[in-house]
Every structure is written in structure tokens, then in C-alpha cells.
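The values are calculated or read from the model by the stated rules, or taken from the named source; none is laboratory data. Since the structure is predicted, the reported quantities are computational estimates derived from the model, not experimental observations. Cβ placement follows ideal geometry from the backbone for every residue including glycine, while neighbour counts extend to all protein chains displayed.
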Amino acid sequence: MSVLRVEHLSTQFATDQGTVQAVRDVSFSVEAGEVLGLVGESGSGKSVTMFSIMGLLPGNGHVVDGRVFLNDEDLSVSAFGSEKEYEKKMQTIRGNQMAMIFQDPMTFLNPVLRIETQLMEPIRNHTKLSRAEAAARALELMEKVGIPSPEKRIKQYPHQFSGGMRQRIIIAMALACDPQLIIADEPTTALDVTIQAQVLELIGQIKDSLRSSVILITHDLGVVAQTCDRIAIMYGGKIVETGTADEIFYMPNHPYTKGLLGCVTDPESDTNEPLTPIPGSPPDLLKPPAGCPFLDRCTQAMNICRDYMPGQTVFSPTHTSCCWLNARGGEAG
Amino acid sequence: MTEPILQVDNCHVWFDIKGGLFTKKQTVKAVNGVSLQVRAGETFGLVGESGCGKSTLGRAIVKLYRPTSGTIRYKRQDITALKGEQAQEYRKHVQMIFQDPYASLDPRMTVSEIIREPMDIHDLYPRREREARVVELLQTVGLKPDHIRRYPHEFSGGQRQRIGIARTLALDPEFIVCDEPISALDVSIQAQVINLLEDIQKKLGISYLFIAHDLSMVKHISDHIGVMYLGHLVEIGPSRELYRHPLHPYTQGLLSAVPIPDPKRARERHRIVLDGEIPTPIDPKPCCPFATRCPKAMEKCFCAVPPSIQVDGRQVACFLYQEGGRAASEINIK
């Protein structure tokens, strides 16, 4: 059974310039114990998708369509009588069954509260543990994420920790209630490479020991290759291709996926093959194209791509792609 | 071998932190004894994690900081003492591309004004020709001539970085310090900018000092690479050899931490995960900078700074390779 199922999710933002269609008809699912990588460039809608699921959209953002199921329980705004009831329900789920790890650990931690207070908050909110028990649990979490001398460190404030250590604390907070699903939004982007390696290893260990599912949002294909079981590629507010890590890296179908793979270099390869960048820049989601979002940058664009969004072509139970090249029975590549 | 166009010898850049009523005066040793050479027409990649001093060194080279000691020689001339007109003349030859294309362009100037400004300052090209030169530069970096009247906010990150590059090229420099020019850009745009820099180098024969923390891109663009850690250059070598066969334990750990975009090899790969974090550069102990995190640290690593020596055509600052040292291959972790 899927832990999370998202069907036809669309999210829009009202701005002074008009309506930004940040997420357009996105569907995917996350199975128990797997790591799903959500890959895309800035503005592709990957973070907004996650905020929509968690009910954390800013005031001008609205889910206009679609449903979200956590363990077959409908968690869409439309399933509740009012925004208020939806918010009440989400309060019991956020940090409990679903937890989130953010990109920038400094803006997520409260600078004027001790780490202990911040770690105990989700525990006290979601469980019936007493103060003392919650404090013990907080200490246990600090040990679990590998913070040295936790008894001393737990009494300190966020500014006394380095970036890597802060990210470990955020991870500890996310783990507080043994969530079924952890959403990690670019958890290592702000970190140095050697610290990134430490944090990724930690996320891997946690997934194995807790059997939680993880959605890893990133733009780094190297990170994805190393940690993810399945990958969804997002572009212009849509998921254009999904597949297992091997299917995406060794049998990419969508021109955008191929383009992305052409933009990265392998640090271990001996040949210095030239980079093949994707020309142009991503579409403006104030006026998203009617057809394929990748149209303007695609080297194989056809007339039909301009007016109609391609449907999904299924290659295997795990591998799907949205491109007109497949529909014509022609070669996609 | 051709003579180096830029030669840095034992360069130190230190910053004082003023002491207060109860605190002593402290010194941030951002760059602590770095020597390197860049040859004409080549790209020297400088890598390292944040706080290792790579940007400080880059800024010292373009004379934005003055070294505390040591020399920086450009075409045999020590530039650290240059003043007034001579300094101005030097800046014409050595330019810089900045990391953040959102912060490095004046939002109230048009693209034309931005690219013209260096020419106006240095009084290069007759006044009337400057406009034509701006258009030409825009085309060189892949922007359209009709972008000339626009303001920076009308452009995307990648396009802004192109404007920054055009401004840098306005003075026909011979040497460009690129300070993380792609780290603020998206993956597909990064490749565009890297290709652009490579094309420009091929066309104009400019030398680059390419500072970055993205190790795969650095390998792609550089001929030689220097690895920095806590103000020291721990290893310098030709890029391909350095990646294939890193000598210094820090280089080994750093390269092992770079994720590779290939799931099968990523699963099989044996990774060295370095413990701990980069120590503070405030009054560092006079020992090997990497000793606290090094999996192979010995007693003497905590007592003295290892000098840089030649091993297998490369420079390494590590006691493992010193005095009669063992063969490089014996020590390699991989």
C-alpha cells in the first residue's frame, strides 16, 4: 500500500502580476520504505508540491484541484468542511505522521529557544509523554543523529551550532514522533560536500532503521543517484518522467531528462566529454504554455507540442514519460 | 615550459579582530602561506569548502585585499605594492567574475551602462565606438543587442551572469578570477555558462583562476587544480591525475564525498566519510590544518605544518609523503 498518494494536484498563487500556476496536475505515490527523489530546477514547482501536501502554503497560495491521501485517508482541503477543520486535522499530522526537513537550517530553528525546548515541542504536542520522558526522548534523538556530547549541547542555542550540526538537529526534530513519511526539501544544498556526505549517510541510516519513506527534493543528480530508489523529474509545474533510479539514468526517455543528464559531469570519468547544455530558460508560469512546458527548449519540438499537453506513456510498471515523441510510435531520441 | 603569468609565493592574508574589554585581539588567518602558479592560457581550479580561504585568495589577486605578507607576481611584477595609476593599469588586465549575479549588478543601471562603465573608467576605445563595443560584447556572451536598454531585474540568473561576464570582458583582460560563477545557477544553466567561459578562453586566450566548491565542474574546466583547506594549499596537480589518484588524505576524502551521477557505481563505491568539520581559522595551531579530521594523522602532524613537496609530479603538503617517504601508491586509501 502506498504511504502517500497524490492525484491531479494543482496549486496556484495570486500575485500582483497575475495567477502563477506553480503546480499543474501532478500525480505520484510513495511506497513504504522507499526514497523518492523529486528533481527539478528552481521554479519547477517541487517545493510548492510538498508545501501543498503539508498544508503549509503561504496566504496567497491555494490548492485549486486534486487530492492527497496519506494511508488512504483523504487529506485534501476539499475533503474537509472548512479551512479551519483542515488546519485542525493537519496540526495532528504535521510533525507526527509526516515531517519535513528544510533547506536552510538557520531560518527553521528559533534562535531564542534552547535546542531542548525545540526538540521537545513536537513530542509534547503529539504524544502523551510527560516532561521528563519527553526530555529523555529529546536526548535520545540527539544521540541518534550523531551530535557529540548531547547532554551539554541540548542546553545550547542554535547559533552555537555549525550548519551541519543544525541540519542534524532539524533531522532529529523530524524524527521525534517516528513519522511514516519524511519530506526533505534540499536538505544538503546549504552544506559543504564533506558535510553533505555525512548528512546523506545519516538520512540513509534513519530510513533503514525506522522504515520511514522519504521524499528527497533536490536539483543535484549526483545526490539522487546515490540515495534514491525512484525518481520523478519535474519541469514547469509538471512531472515529465518517473522511473527507478536505473531507468532514469540509463534509459531516460523525456528530452528534458536527457538534457539534464547532459549537463552534469562525472567526477570519476577519465574522458572530458563536452557539456551539452539545454538552451534557453524555463517557462514563465504566469502564462504557462498550453502544450508541453519544455517546448521552447526542446530540440525535437513538433507542431503538436505547442497546443496539446502530451499524455503519459508507460514503459514499465515504474517508468512513465510525457512526451509526444512516444505517442507517434516514433523513436524518442 | 612556458613562464607563469601569475605567480603567488607564500601569500598570507590575515584579518585582525579587535579585542574588547575582556577579549584578546585575535587574528583570522584566512590565507596562510599559499604558493601557486598559473600559466598563460590555462585554467587553474581552486577548490575547497566554505571558509577555506579560496575567495580571499582570489580577491587578493585582483587587489581587493592586500596580503599581510608574501608576493603576488603578475608577469614578473609584484602587484601587492602597486598604487595609483599602476594599480589602475593592472586592474585593466586582471578582472573578476562574481558569484552572485543578483548582487553584482547595479539595479539602477541599464545593461548598456553596466558594460560601458569599465571602458569609461579606463578610457578605453573612443567614446563613439563604446556603444558598438557593448553590442559586440553582448553577442559574445550570447545575449541579444536589443537587451541593451533593459535593467538587470528583467533578466534571469543565467542571463545576469552573462551580463557580468560581458562587463568583465569589456577591458580585454588577460586574466580573469572567476569566483564561484556558477554556484548560484540552475544545473542546466551552469553548463551554458561553463561552455561560454570555455569558448571565450579558446577565442581570446584568457587565463582563468576558477574558484568553486563544485568539484565535478572544476575538473571539467581546469588544467591544474589546487585543493585548499583552512588557509593552506594541501595539494596541487594536473586535474585528471589529481582526480584519478588523489594523494593528500583531505583530497581523498573530499573527492569521495562528491556524489556521482551514476546509480550503479554510486551503490558499489567505497566512500570515505570524513568526520567532524572544518576548524575555525581564528588563531589556528601551528600544525597540519587537517590533522584534527585526518584518518591517518600521526603524532608529528599535531606538532608542525608539513611543507609542500613534489610527489609524482605534484605538490603535496603531508607528512605521509615526507623523508624517504613511502611510495604514493602504498598510502592511497582507495
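Could you tell me how many of the residues in region A:126-163 are surrounded by fewer than 21 Cβ atoms within 10 Å (Cβ to Cβ), part of a helix (DSSP H, G or I) and within 25 Å of the chain's Cα centre (by Cα)?
Residues that pass the stated criteria total 4.
In contact with a Pro (Cβ under 9 Å, 6 or more places away or on another chain), among the charged types (D, E, K, R) and not in a loop (DSSP other than H, G, I, E, B) - does that describe any residue in region A:243-260?
yes
Can you tell me which residue among A:L286, A:L275 is out of contact with any Pro (no Cβ under 8 Å at 6 or more places or on another chain), facing chain B (nearest Cβ under 7 Å) and of a type in the set (A, V, I, L, M)?
A:L275
Can you confirm whether A:I304 is surrounded by 23 or more Cβ atoms within 10 Å (Cβ to Cβ) and β-branched (V, I, T)?
Spelling it out, it is not the case that A:I304 is surrounded by 23 or more Cβ atoms within 10 Å (Cβ to Cβ) and β-branched (V, I, T).
Any residue at all in region A:46-65 that is within 14 Å of chain B (Cβ to nearest Cβ) and either assigned to a loop (DSSP other than H, G, I, E, B) or touching a Leu at 6+ places or on another chain (Cβ under 6 Å) (or both)?
yes
Filter region B:156-177 down to the residues that are among the β-branched types (V, I, T) and assigned to a strand (DSSP E or B), then identify the one that is nearest to the other protein chains (Cβ to nearest Cβ).
Top of the filtered list is B:I176.
Does A:C263 satisfy the condition of being within 14 Å of another protein chain (Cβ to nearest Cβ), closer than 20 Å to B:V187 by Cα and at pLDDT 90 or above?
When the stated conditions are applied, A:C263 does not pass them.
Considering only residues of region A:62-94 that are modelled with pLDDT under 90 and hydrophobic (A, V, I, L, M, F, W, C), which is nearest to A:D25 (Cα to Cα)?
Per the stated criteria, the residue is A:V77.
For region A:183-240, how many residues are under 19 Å from A:R168 (Cβ atoms), in contact with a strand residue (DSSP E or B) (Cβ under 7 Å, 6 or more places away or on another chain) and assigned to a loop (DSSP other than H, G, I, E, B)?
Count: 3.
Pick from region A:75-95 the residues that are outside any helix (DSSP H, G or I) and either of a type in the set (S, T, Y) or surrounded by 14 or more Cβ atoms within 10 Å (Cβ to Cβ) (or both): which of them is farthest from the chain's Cα centre (by Cα)?
A:S82
B:T292 is checked against (1) in a loop (DSSP other than H, G, I, E, B); (2) at pLDDT 85 or above; (3) at the interface with chain A (Cβ under 10 Å from one of its Cβ atoms) and fails just one. What number does that condition carry?
Condition not satisfied by B:T292: (3).
Can you find a residue that is more than 14 Å from chain B (Cβ to nearest Cβ) and touching a residue at least 60 places away in the same chain (Cβ under 8 Å) anywhere in region A:184-193?
Yes, some residue in region A:184-193 is more than 14 Å from chain B (Cβ to nearest Cβ) and touching a residue at least 60 places away in the same chain (Cβ under 8 Å).
Restricting region B:111-133 to residues that are free of Cβ contacts under 8 Å to residues at least 40 places away in the same chain and not in a helix (DSSP H, G or I), which is surrounded by the most Cβ atoms within 10 Å (Cβ to Cβ)?
B:Y125
Quick one: in region B:86-105, which of the residues that are polar (S, T, N, Q) and outside any loop (DSSP other than H, G, I, E, B) is nearest to B:L197 (Cα to Cα)?
B:Q95
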